[in-house]
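Student: I'd like to ask you about the structure that follows.
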Amino acid sequence: MPHVDLAFRLIGSKVPVDHGYALYSAISRIVPEIHEATNIGIHPIRGTYSGDGELMLRDSSRLVVRMESEQIGQFLKLAGKKLEIDTYSFRIAVAEIRLLRPRAALYSRLVTIKGFMEPTIFNEAAKRQLEKIKAQAELHIGERRTFRVKDKQVVGFEVAATGLDAEDSIRLQESGLGGRRHMGCGVFVPLRR
């Protein structure tokens, strides 16, 4: 099945910068099927950093869930619901469906691969995962990043993939790299220069 991004407009003011795990938890209370789904990716919410570990939501801020098109019905029930992330809350408005489009360059803010926390060995592990999904690209490992899952800090890196042909671009967007895609990791979007 083709994959799509289901993008919900958000009504609220702020979210924490490190919101991946908490967002996944909040969504799973409304859509418990997400626990069984292995092919779901939740994009990090974008906003404007305002200091103190907070993002101000903008008019363009969205909750975006990448899924197979047949799963759309399960997630439409998020519309109109209130989500609470730690001490922050916001309402989810209507959704729009966005088709994945091939791009020669893609980017993920954070990719985690269990056991690979140094750039050189992480790069090799990422290349093996790229080969596993039968995609070819040049990988560029960027800044080391962390995020919290319960009481643990998880380490990963930002990753850009360039030189993608159309098929490999879609394949990478559908499969992602690394783990924890439910928590915003390994989800690839067009690289903005």
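Student: Once you charge only the Cβ atoms, +1 for Lys and Arg and -1 for Asp and Glu, what is the size of the charge dipole of the chain about its Cα centre, to the nearest 20 debye?
Tutor: Result for the chain is approximately 300 debye, rounded to the nearest 20.
Student: Once percent of Cα pairs over 25 Å apart is worked out from the coordinates, which option in (i) 57; (ii) 33; (iii) 38 does it equal?
Tutor: Correct label, based on the coordinates given: (ii).
Student: Further question on the same structure: Apply the a/c threshold of 1.5 to the C-alpha gyration tensor of region 95-165 and tell me whether it is rounded, prolate or oblate.
Tutor: Taking the square roots of the gyration eigenvalues as a ≥ b ≥ c, region 95-165 is oblate.
Student: Something else about it: Could you work out the helix-only [θ] at 222 nm for the chain, with each DSSP H run of four or more residues adding -39,500 (n - 2.57) and the total divided by the number of residues, to the nearest 500 deg cm²/dmol?
Tutor: For the chain, the value works out to -6000 deg cm²/dmol.
Student: When the Karplus curve 6.51 cos²θ - 1.76 cosθ + 1.60 is applied with θ = phi - 60°, which whole-Hz ³J(HN,Hα) does each residue of region 142-153 get, with x for Gly and Pro?
Tutor: x, 5, 6, 9, 10, 8, 9, 10, 6, 9, 10, 8
Student: With a 1.4 Å probe and all protein chains kept in place, how much accessible area does R148 have, in Å² rounded to the nearest 10?
Tutor: Its heavy atoms expose roughly 110 Å² to the probe.
Student: Run the paramagnetic zone check for I11: 7 angstrom along Cα to Cβ, then residues of region 55-85 with backbone nitrogen under 13 Å.
Tutor: 79-83
Student: Across region 73-89, in residue order, what do the Karplus-derived ³J(HN,Hα) couplings come to in whole Hz, using 6.51 cos²θ - 1.76 cosθ + 1.60 with θ = phi - 60° and x for Gly and Pro?
Tutor: x, 5, 9, 5, 5, 5, 4, x, 7, 9, 10, 10, 10, 6, 9, 9, 9
Student: Can you give the accessible area of Y88, probe radius 1.4 Å, in Å² rounded to 10?
Tutor: Surface open to solvent at Y88 totals about 50 Å².
Student: So, in Å, what gap is there between the alpha-carbon centers of region 1-66 and region 135-193?
Tutor: When both Cα centres are located, 16 Å separates them.
Student: While we're looking at this one, here's another question. State the extension gain, in nm to one decimal, for the chain segment bounded by Q136 and T87, taking 0.36 nm per residue of separation less the distance between their alpha-carbons.
Tutor: Contour length minus the Cα-Cα distance gives 13.4 nm.
Student: Hey, another quick one. Could you please report the charge total around E174, scoring K, R as +1 and D, E as -1 over all other residues with beta-carbon less than 9 angstrom from its beta-carbon?
Tutor: Summing Lys/Arg as +1 and Asp/Glu as -1 gives +1.
Student: Okay, moving on. Could you pull out every residue, at least 5 positions away or on a different chain, whose amide H is within less than 5 Å of the one on G142? Hs are placed 1.01 Å off N in the peptide plane, and Pro or chain starts have none.
Tutor: E158, V159, A160
Student: Turning to a different aspect of this structure: Using a simple spin-label model with points 7 Å from Cα along the Cα→Cβ vector, what separation in nm is obtained for E68 and R98?
Tutor: Here the answer is 2.3 nm between the modelled labels.
The values are calculated or read from the model by the stated rules, or taken from the named source; none is laboratory data. It should be emphasised that the depicted structure is a prediction, and the values quoted were computed from it without experimental measurement. No Cβ is skipped: glycine too gets one built from the backbone with ideal geometry, and neighbour counts run over all protein chains shown. For accessibility, only protein heavy atoms count, side chains too; no ligands or nucleic acids. Shrake-Rupley method; radii C 1.70, N 1.55, O 1.52, S 1.80 Å.
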